[in-house]
1. Using the Cα centre as the reference, give the magnitude of the dipole from point charges on the C-beta atoms of the stretch C:88-136 (Lys, Arg: +1; Asp, Glu: -1; all else neutral), rounded to the nearest 20 debye.
2. Apply 1/(1 + (r/R0)^6) to the Cβ-Cβ distance of D:L91 and B:E210, taking R0 = 45 Å, and write down the FRET efficiency to the nearest 0.05.
3. Would you mind getting me the FRET efficiency between B:A2 and C:D19? Use the beta-carbon distance for r and R0 = 51 Å, nearest 0.05.
4. Quickly estimate the mean residue ellipticity at 222 nm for chain B, helices only: each DSSP H run with n ≥ 4 gives -39500 (n - 2.57), and the total goes over all residues, rounded to 500.
5. Please give, to one decimal in nm, the separation of the simple spin-label points placed at A:A151 and D:S44, each 7 Å out from Cα toward the Cβ.
6. Taking beta carbons within 10 Å but only from partner chains, what does the mean come to for residues D:126-137?
7. Please compute the alpha carbon radius of gyration of the stretch B:1-121, then divide it by the globular-protein estimate 2.2 N^0.38 Å. Two decimals is fine.
8. Note down the nm distance, to one decimal, between modelled labels 7 Å out along Cα→Cβ at C:K74 and at B:M40.
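No lab work stands behind these numbers, since they all come straight from the coordinates. Quick caveat, the model's predicted, so the values are computed rather than measured. Ideal geometry is used to build each Cβ from the backbone, glycine not excepted, and the neighbour counts take in all protein chains shown.
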Amino acid sequence: MAWTREQMAARAARQIEDGFYVNLGIGIPTLVANALPEGMDVSFQSENGMLGIGPFPYEGEEDPDLINAGKQTITEIDSTSYFSSADAFAMIRGGHMDLSILGSMQVSETGDIANWTVPGKIVKGMGGAMDLVAGARKVIVLMEHVERSGAPKLLKACTLPLTGTKVVDMVITDLAVFEFEKRGGPLRLIELAPDVTLDEVKAKTEAAFEVALEKADA
Amino acid sequence: MAWTREQMAARAARQIEDGFYVNLGIGIPTLVANALPEGMDVSFQSENGMLGIGPFPYEGEEDPDLINAGKQTITEIDSTSYFSSADAFAMIRGGHMDLSILGSMQVSETGDIANWTVPGKIVKGMGGAMDLVAGARKVIVLMEHVERSGAPKLLKACTLPLTGTKVVDMVITDLAVFEFEKRGGPLRLIELAPDVTLDEVKAKTEAAFEVALEKADA
Amino acid sequence: MREKVWADAKSALDGVLKDGMVIMAGGFGLCGIPEHLITAIKNSGVKDLTFISNNCGVDDFGLGILLANGQVKKMISSYVGENKLFERLYLDGKLELELNPQGTLAERIRAGGAGIGGFYTKTGVGTVVAEGKPTREFDGHTYVLETGLTADLSIIKAWKGDREGNLIYRKTARNFNPMMATAGRLVVAEVEELVDTGALDPDHIHTPGLYVDRLIVGDHFEKRIEKVITRPREGATEGAR
Amino acid sequence: MREKVWADAKSALDGVLKDGMVIMAGGFGLCGIPEHLITAIKNSGVKDLTFISNNCGVDDFGLGILLANGQVKKMISSYVGENKLFERLYLDGKLELELNPQGTLAERIRAGGAGIGGFYTKTGVGTVVAEGKPTREFDGHTYVLETGLTADLSIIKAWKGDREGNLIYRKTARNFNPMMATAGRLVVAEVEELVDTGALDPDHIHTPGLYVDRLIVGDHFEKRIEKVITRPREGATEGAR
């Protein structure tokens, strides 16, 4: 049985250590914050210029001067600090974020990631994604294992324009968890979702990977 | 009759326009602030991280957290802002200072300046001088016309290690005022101190210069 | 006297705007954008503008109104995905677009203001962003050269300002405004409140007055929110953290 | 729990200091220097240190006490002219010195903390500073390539800090401290006052807590002044302006 989006987020949350500074991308990654155990001291950064993101505001208390990188209204907490976008990306590019969790369209067996554009469709722009994958100490990708068409998203080589090369450390899909032994590979399957078989994952994965299912709970 | 240090400073002050942002070097340049006419809106920057320098403090009111780039106690004024040294030099290097007034040991006829070290003597360091001459919109040098030995300081080429090349816009000495028509030369004599003759200046100057004494009050 | 305060956006931009000029505009999404100055540019009718701005507003607000009015020739941005009109103009070949990674865009603007000709970043190496650009190794990693950006004019938005041009920003409305204040040959700021010189804590000033040439006080800020997300008052555990 | 506050300078540096390490130390002259951490380094006896610091203190205060104690192998600075001991050690070949233009030093530290491998500046072009370094033309001007600087440890001084490590600095004691807070692999800050988290205005925080690993509250700050200059109370027109 494949994991739900919430279960994928919960699995990603297990990678977050007490004291971490984390940047969460748009989509499934935003669910990760809610999956953290109580009492953990984790700070979330927003690349428009904020460290220490609070919960969404109560209705009527939205502040137009206070939004996250997804342009959603948020709140501040006691530890919050604000800074310019140049300082926000100095923080990211300088290797000060412990973890970046992003969605993606494709990941290659060497840890390349393609998550910002599909040629022929309208270009929206990469936003902060290229800086995040180049700068964060650890990069975790949260994505469906295959496209709607059934085509694999874990590939030998990405076919879409790249966001970064040899930058991914872990991939969590609805079917399985993979990690890169080191940046650039090799890719290693370390966990299967309940009742998901190795054969199913092999069938749905183009990327070559080693199998190291020690932690598997199947 | 040669100009005094105060008169040299006053001559330099005439180059300051209302609204200017100015950085003053150590030595004679510090006298320039006191030579400004009342009512002029001029802000002084200190490259350790301050814009809007006030007068020296009253005795007993010195603040160890408030010094200028010469490490002297100073005060703040209503318009003061503080920033980091990186931001202070971003301001200088980015061309935002209207004027830098510095002392010097040598200036060449192409506007090179040497004012930070004498080989064989102990190296103290260039501090902010190289950034100031490279970044300020206008650079004025205030210096004695000759060395104590009588050797000229306005040279064909500097013999001391350079602080910057083709950066000087004006040189005010105790004998005369020179300006560079444009950065890099040619050098032009525009003013003589009272009773100082062109022949005296020619005798005491190695650099080639044009004579354009229209403004001379001799 | 240094007089920086102008009566309104129109007068502050009078004689400044020219067809074909390059303008930096502060803001992230619709947060911290110079609303009044954008409206004044619209009313001026100036055209063939190049904007350096992280985004391009929405269809009927922010820089989107200049798009709709046919005044924009080119955008230098990082994300333009909230704007259908943008899409159509771009696909019709009526709009040029140069996309930069957001951090690279922010740093290029800082560099332009700070006298840095160019800088090396790991961001974008191996991607289309780095194509044709020089690279260099530092400590065994490949970096790509990006150049500093400046503009003919920067229009920015701050919270409070004084008559010397000292500015402070509020919360995430700071974003690109401080760097753009350093990188425009002329810088015009709009503020919500003009305070007496000396009223701002000098340790707290985000943009020293030296960077600001002209200042206006906006008469009405719409401050539209793109995505209002709230949580129920009962359950305080939900949220974005 | 993220516990950043340590009992004192000695404990905060315990197990951190190693012979031969590279340390960034904040301050300009004697203003805004981490007095307590410098004393703790002296007492540790660690040696062969390389310091990245704008100056090197005076003979008996600031980094000068580490010089006097024979613990410094090399200085990376912009101005070391206030220190006779420095002069003697240097002339005797007992001390290495790398001089940087002050703005270049400040920017190299910022670059190191910001993931910028190198940057191009006009500062120093045509001088000894640029010898052997690559140059490049931007807009018809020559720029020289300078590289980012990082350190094993940064010791910095702030005015107030909270338990999350958020810091604010006071007046010109800010100087090199904020950049150094970003460029050390371990960052230890000393503050004059520890305040409750939430007590600092989030718009006013100069160094976000993420950059600070350890924090101590100094028990006594000497804050020596190098050049006390005053004006007479009668004549208020004299002064440095």
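1. So the magnitude is around 160 debye.
2. Working from the Cβ atoms, E equals 0.55.
3. That gives a FRET efficiency of 0.40.
4. -4000 deg cm²/dmol
5. 5.6 nm
6. Partner Cβ neighbours, averaged per residue: 4.
7. Dividing the Cα Rg of the stretch B:1-121 by 2.2 N^0.38 Å gives 1.13.
8. 4.1 nm
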